[in-house]
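None of the figures in this text is laboratory data; all of them are computed from the coordinates on show. Computed from a predicted structure; not experimentally measured.
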Amino acid sequence: MTVVSSKEFVSNQKRYFDLALNEDIAIKRGRNMFHLVYASEEKQYPEQPILEPDEDLKRAITMGELLERTYGVIDKFFADK
């Protein structure tokens, strides 16, 4: 993997786009890192799998339930003060 600064990338975009055809290129900007990804019909990246419902999903609550519980805790907090 080749890592370059954003300034270097901007100055030599063609070079790094050409390199991205055969190797991974990362552009570092501050604390962030961005990756150039080359995708053609020959090089396809797998799609994210769709997860099946499981026990965690059955225990999930709706946004309305979350708000009700949150307001209850806040009301109790201020009632105790």
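Angle of helix 63-80 to the longest C-alpha principal axis of the chain, folded into 0 to 90 degrees and rounded to 10: 60°.
Fully extending the segment from Asp56 to Gln13 would add 10.9 nm, taking 0.36 nm per residue of separation and subtracting the current Cα-Cα distance.
Taking square-rooted eigenvalues a ≥ b ≥ c of the alpha carbon gyration tensor, is the chain rounded, prolate or oblate, where a/c under 1.5 means rounded and, failing that, a/b exceeding b/c means prolate? Oblate, because a/c is 1.5 or more while a/b does not exceed b/c.
Based on DSSP H segments of at least four residues, each scored -39500 (n - 2.57), the chain has a per-residue ellipticity at 222 nm of -12500 deg cm²/dmol.
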